[in-house]
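The values are calculated or read from the model by the stated rules, or taken from the named source; none is laboratory data. Not measured: the values here are computed from a predicted model. Here the Cβ positions follow ideal geometry from the backbone for every residue, glycine too, while neighbour counts run over all protein chains shown.
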Amino acid sequence: MAARIAIVGGGIAGLAAAHALARTPGQVEVTVLEAGPRWGGKILTERLDGFVIEGGPDTFLAAKPWAVALCKELGIANQLQGTNPDKNATYILKNGRLHPIPGGLTMMIPTEFVSMLRTGLLTWPAKLRMAADFVLPARANGREESMGQFVSRRLGRAAYEALIEPLMSGIYAGDGDQLSIQATLPYLPDLERAHGGLIRGALHVRQARQKNGHTPSPGSRSLFLTPAGGLAEIVEALVGQLQRSGVRLQLGMAVQAIHRTADGFVLQLPDGARVEADAVILATPGYVSAQMLADLAPDLAAELEAISYVSTATVSLAFRADQIEHPLDGYGYVIPRTEGHAALACTWTSTKFPHRAPAGHVLLRVFIGRAGQEGDIPWDEAGLLALAKQELAETLGITAVPEIARVFVWERAMPQYNLGHPARLERIDGHLEDLPGLALAGNAFRGIGIPDCIHSGHQAAARALAFVGAEHPEPETTV
Ligand SMILES: Cc1cc2nc3c(=O)[nH]c(=O)nc-3n(C[C@H](O)[C@H](O)[C@H](O)COP(=O)(O)OP(=O)(O)OC[C@H]3O[C@@H](n4cnc5c(N)ncnc54)[C@H](O)[C@@H]3O)c2cc1C
């Protein structure tokens, strides 16, 4: 009899796990249980009047291979589009004015001296302090540091606050003084260790890339990719493929608890409904998995519950081009925490991805909410819309009435890899040794981006297959 594997959570991690399991026809029976009314979790695309509006993520990093590889397997790689190469400036807000990000950032570290000398983002003392990175000794002990501590130690606090913080912590909507550099951007401490300093290390990487003719992804020079019809295309293709493979896909199934039986696991659903499985993959947020595991594995549940999450929202606004005077000549801007805005960033979507708005129209997206400031935000639709409009008016001078306004609220959506996260992951792995039939996937652990979530799903699938004694799926496709 085929082993039964249940996956809880139909976001990209859970669906990717199911996809990996479906490569073992006849060996396993796979069921995916999703609490909500649709598949994709944080991936949510609306197609409206010729606009492609992303409620959650809007693109993925091409350099991490798992998303591109999945698109190839699903036959939709030809749909992938890069960002607009003709207007690729990104700006940072400082004292209410937009400054272009200095050219030559490599792994977010400046490597072009002329553009650093010219930038209005930093004072001369701050620029001099950055240059001290060349002479400061590398730290020998491998002690964990926050993003803020680490970058300030190397490049100075001013450079951290004005330049690096808005780029780095924006990814997590986090607080850089809490986020662990080892858990979020481990390659930066590696650069320091290997080259004695960050700028020296980044220069080395840049030269090596130039020598090797590096492109971020085969066939594309774009750092970021996304399907033409929005990221939901990946979810739609995955769901179609899973249905054809005989995977049982069930919406509206909110798992409440997991128990052990003599032969495996029982997943408890509302109204006494139950699903039995030999192995279980939880691809749900940490705090949700914690609730399910409270009785079965209280120590593991406590670790999962302790991963904190930040709520965020995106507000997409569409205008006629003739309503907007601003040139919108780039991908948008990021807003340092020190500027005191409720918004974290504004993407000029129709410049960054021209295919997402019909001709003669403009699509903008304001990203709201960051760690430590959630209490100051009105989370209702009207309040968020007002904040987004205020941001556009203050920074871009846009006061026109939008033709379309869409607000998406993501409660407790962004896991924070705060100080202590690497040690917590080790403890979680330790607890999982006592529960070999259980696997965890998703953005709570080793990467918040879509490619990492896909990878986590594949790894969880391999663990579940090993447990039920089924043959491993063919090795992951790499690009
Ligand atoms: C606004 C925003 C912008 C982002 N931008 C980007 C970006 O541009 N690029 C990028 O790579 N990443 C981005 N991210 C991050 C990325 O989208 C997420 O990390 C990723 O999609 C999470 O996938 P997941 O499968 O781990 O979790 P989720 O998508 O959260 O899926 C978990 C699923 O579990 C379900 N569930 C919850 N409880 C239960 C239960 N009891 N029983 C059954 N099911 C349950 C949920 O309904 C959900 O569908 C962004 C995230 C947000 C919120």
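Could you list all residues from region 253-302 that are β-branched (V, I, T) and within 16 Å of the ligand (Cβ to nearest atom)? Step through it out loud before you land on a result.
Here is the first cut: in region 253-302, the residues β-branched (V, I, T) are 255, 258, 261, 266, 275, 280-281, 284, 288.
V255, I258, V266, V275, V280, I281, T284, V288, listed by residue number.
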Flag if A254 is under 27 Å from the mean Cα position of the chain (by Cα), over 30 Å from S350 (Cβ atoms) and either modelled with pLDDT of 95 or more or loosely packed, with under 13 Cβ neighbours inside 10 Å (or both): yes
Any hit, region 189-198, residues being touching a residue at least 40 places away in the same chain (Cβ under 8 Å), exposed (fewer than 14 other Cβ atoms within 10 Å of the Cβ) and either under 27 Å from the mean Cα position of the chain (by Cα) or more than 16 Å from the ligand (Cβ to nearest atom) (or both): yes
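Would you kindly identify the strands (runs of 3 or more DSSP E) lying entirely within region 309-366 that contain at least 2 residues that are polar (S, T, N, Q)?
Counting at least 2 such residues, we get 309-320.
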Of all residues in region 278-308 being in a helix (DSSP H, G or I) and of a type in the set (A, V, I, L, M, F, W, C), the one that is surrounded by the most Cβ atoms within 10 Å (Cβ to Cβ): L304
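Can you tell me which residue within region 309-322, out of those that are surrounded by 19 or more Cβ atoms within 10 Å (Cβ to Cβ) and away from the ligand (no atom under 15 Å from the Cβ), is nearest to Q459 (Cα to Cα)? Walk me through how you get there before you give the answer.
Going through region 309-322, the residues surrounded by 19 or more Cβ atoms within 10 Å (Cβ to Cβ) turn out to be 309-310, 312-319.
From what is left, the residues that are away from the ligand (no atom under 15 Å from the Cβ) are 317-319.
Working: L317: 38, A318: 40, F319: 43 Å.
Looking at residues that are surrounded by 19 or more Cβ atoms within 10 Å (Cβ to Cβ) and away from the ligand (no atom under 15 Å from the Cβ), I get L317.
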Single residue of K94, K87, K72 found to be basic (K, R) and surrounded by 19 or more Cβ atoms within 10 Å (Cβ to Cβ): K94
Leading residue by the ranking (modelled with the lowest pLDDT) among those in region 99-125 that are crowded, with 19+ Cβ neighbours inside 10 Å and among the hydrophobic types (A, V, I, L, M, F, W, C): L105
Matching residues, region 260-271, being surrounded by fewer than 13 Cβ atoms within 10 Å (Cβ to Cβ) and more than 17 Å from F467 (Cα to Cα): P270, D271
Pick from region 16-30, criterion closer than 28 Å to D58 by Cα and buried (at least 21 other Cβ atoms within 10 Å of the Cβ), ranking: farthest from the ligand (Cβ to nearest atom): L21
Residue in region 416-432 that is over 30 Å from E144 (Cβ atoms), surrounded by 15 or more Cβ atoms within 10 Å (Cβ to Cβ), within 19 Å of the chain's Cα centre (by Cα) and touching a residue at least 24 places away in the same chain (Cβ under 8 Å) present: no
R139 at pLDDT 95 or above and under 30 Å from A423 (Cβ atoms): no
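Residues are listed down the side, and each one gets a yes or a no for (1) touching a Pro at 6+ places or on another chain (Cβ under 7 Å); (2) within 7 Å of the ligand (Cβ to nearest atom); (3) of a type in the set (K, R):
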| residue | (1), (2), (3) |
| --- | --- |
| L33 | no, yes, no |
| V52 | no, no, no |
| G56 | no, yes, no |
| A62 | yes, no, no |
| A77 | no, no, no |
Options G383, G369, G397; residue that is at pLDDT below 95 and more than 30 Å from P25 (Cα to Cα): G369
Options A13, A35; residue that is buried (at least 20 other Cβ atoms within 10 Å of the Cβ) and either within 30 Å of A359 (Cα to Cα) or in contact (Cβ under 8 Å) with a residue 12 or more places away in the chain (or both): A13
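Let me confirm something: among E112, E34, which residue is of a type outside the set (S, T, Y) and farther than 24 Å from G449 by Cβ? Break it down stepwise before answering.
Details: E34 fails: farther than 24 Å from G449 by Cβ.
E112 is the lone residue from the list that is of a type outside the set (S, T, Y) and farther than 24 Å from G449 by Cβ.
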Search result, residues across region 368-415 that are without any contact (Cβ under 8 Å) to a residue 60 or more places away in the chain and within 13 Å of the ligand (Cβ to nearest atom): I368
